Amino acid sequence: MSIKVRFAPSPTGYLHVGGLRTALYNYLYAKKNDGKIILRIEDTDQSRKVEGAVENLISTFKNIGIEFDEGPSQGGDFGPYFQSQRLDIYKDYIQKLILNKSAYPCFCSSDRLTKIREKQSENKEPIKYDRHCLSLADSEINSRMNNEKYVIRLKIPNEGEVIFYDQVRGKVSIECKEIDDQVLIKTDGFPTYHFANVVDDYLMGITHVMRGEEWLPSTPKHVLLYQAFDWKLPKFIHLPLLLNPDKSKLSKRQGDVAVEDYLSKGYLSETLINFVGLLGWHPKDDREIFNLDELINEFSIKRVQKSGAVFDKEKLNWMNGQYLKEMKISTILNRVVPIFEDAGIDISDTRKFSAVVENARQRVSTLPEMIEHSIPFYSEINFIEEDKLILTSESSQKVFKVLSDKLLNSNDLQEINIKQYIKEAGIETNVKGKDLFLPIRLVLFGEKHGPDIALIISILGKKESIKRLTNFH
Ligand code: GLU
């Protein structure tokens, strides 16, 4: 059986990290099994439409590196399917259900429905439609359909259970009497999520429906729809909820949930893939760093967990730092150029820029943080009075003079040589330990603690190092 999966977001304006997780797991599963993944925009709720949402979604997937395998062509890529362009299809399919008595029109006003609900909640009964319109005569239905607004509802069987198997949760069953006669077509003629989703999954040949756990309660209705059409069920896989560290549901209120926000804050797409890839699924061993190809190789639905997955930002920071340390320096340089330029740093000396970035990437968890570690290499330092006292002391002055002479006479400013010069300057001036190192670092870097002095000198280069040692303000 060839596998086909889908990512089917409603366009709410941005890609939620939970959406990325769903898309990614579908993608991993498809790629691992020589299958296909499609993107389907579930945009039948006219009231929730957001301008630019789809473009945004597509460009985020592009940045992240997830590609889809099928769909209407769009600028050389496969574009998404849009449910709003498939309304005629849903109209055809609802007729089939009306004909076989699995669905029926309902003319009840919203006032009436509100009243029923109020009464049910007063009596502590389940909130359900009371099937008032189910018993209307065909002749009445036909004439009212021409003159009144109506919805089409799914007729849930009066008794029995809906049973299905979820590949993460196992057997799931629910009594039919607990399920409401779900609206399938709204008064505006648009299908609801449930109806369009099932019709499309069937017509598009989806073999595995993999989505967030929040859709598990909808699945019995979907199963009933498949049964009403006499269609074969796809496999269902419901992925665990994403949680905040306090175990509440991950939501916008508690911080960033939009993938694009993470990207714009300087998290690498490689990190996001890796991090989100481990939210709800465990590899065979304790390994944590995986690129996309490795995730494809390792991924298995069998190791998707049932319990919620905590979105731990500290781990994300750690992981991004790991990526920054390991990544090819040329790749990082390309990505940080705009960040340095925006900060007004002159990066025309490419040797220096590369050395500065090499130093900074060892110390940060995101790209923009590199700026604060790099500024001391570029800007003139203005010392406070307290520091000036240290720098103008007799011993500091002696050390600076000897060291700058050594640098001036050196033909090879490798770190190992610089270390030797510092050592010799200490011996020749008889200044040791803190009294030797602290003033040198301070005069060169403006801080008492920081990178290794030999590294600072090698990054600054001979001219700038001598200038800083001999001429400070
Ligand atoms: N449109 C639903 C969403 O916004 C899709 C759920 C599903 O995958 O069936 O997530």
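The values are calculated or read from the model by the stated rules, or taken from the named source; none is laboratory data. The structure displayed is predicted, hence computed values, not measured ones. Don't worry about glycine lacking a Cβ; one is built from the backbone with ideal geometry, like all the others, and counts go over all protein chains shown. Accessible surface is based on the protein model in full, side chains and every heavy atom, while ligands, DNA and RNA are left aside. Shrake-Rupley method; radii C 1.70, N 1.55, O 1.52, S 1.80 Å.
Brief remarks follow.
- Dipole of the chain [Lys/Arg +1, Asp/Glu -1 at C-beta], most positive-end residue of ILE38, ALA343, VAL257: ILE38
- Region 72-106 and region 280-294: distance between their alpha carbon centers, rounded to Å: 38
- Label positions at MET204 and LYS434, each projected 7 Å from the Cα along the C-beta direction, are separated by 6.6 nm.
- What separates the Cα centres of region 182-257 and region 1-58 is a distance of 12 Å.
- Highest mean first, the peptides 273-283, 185-195, 161-171 sorted by other C-beta atoms within 10 Å per residue fall in the order 273-283, 185-195, 161-171.
- Rounded to the nearest 10 degrees, the inclination of helix 87-99 to the longest alpha-carbon principal axis of the chain is 40 degrees.
- Karplus-derived 3J(HN,Hα), 6.51/-1.76/1.60, for each residue of region 384-395, Hz, glycine and proline x: 7, 3, 4, 5, 4, 4, 5, 6, 8, 5, 4, 5
- Calculated FRET efficiency, LYS401 to GLU341, Cβ-Cβ distance, R0 = 41 Å: about 0.65 to the nearest 0.05.
- For the chain, Cys with no neighbouring Cys Cβ under 4.7 Å: CYS108, CYS176
- Sequence-distant aspartates and glutamates (8 or more away, or on other chains) whose Cα lies within less than 13 Å of LYS221: GLU161, GLU175, GLU178, ASP180, ASP181
- When the residues MET145, MET370 are ordered by accessible surface, computed with a 1.4 Å probe over the protein chains alone, the sequence from largest down reads MET145, MET370.
- For a label point 7 Å along the Cα-to-beta-carbon line of ASN142, residues of region 85-109 with backbone N under 15 Å: 99
- Cα-based shape type of region 244-319, given that a ≥ b ≥ c are square roots of the gyration tensor eigenvalues and the cut on a/c is 1.5: oblate
- The chain: angle of helix 415-429 to the longest principal axis, Cα-based, in degrees nearest 10: 40
- Counting protein heavy atoms only, region 46-153 has 48 percent of its accessible area on carbon and sulfur, 1.4 angstrom probe.
- Backbone N atoms of region 173-193 closer than 19 Å to the 7 Å Cα→Cβ label point of ASP88 belong to residues 189-191.
- For region 256-313, the number of Lys pairs with C-alpha atoms closer than 24 Å, counting only pairs eight or more positions apart or on separate chains, is 4.
- Packing-based ranking, highest mean first, of 294-302, 1-9 given that Cβ atoms within 10 Å are counted: 1-9, 294-302
- Residue ranges 436-448, 336-348 sort as 436-448, 336-348 when ordered by packing (mean number of other C-beta atoms within 10 Å per residue, highest first).
- Degrees between helix 110-122 axis and first principal axis of the chain (Cα, 0 to 90, nearest 10): 80
- For THR12, solvent-accessible area (1.4 Å; no DNA, RNA or ligand), Å²: 60
- Accessible area (Å², per residue) of region 167-285, counting only protein heavy atoms and a probe of 1.4 Å: 39
- Rounded to the nearest 500, the 222 nm mean residue ellipticity of the chain from helices alone is -15000 deg cm²/dmol, with -39,500 (n - 2.57) taken per DSSP H run of at least 4 residues.
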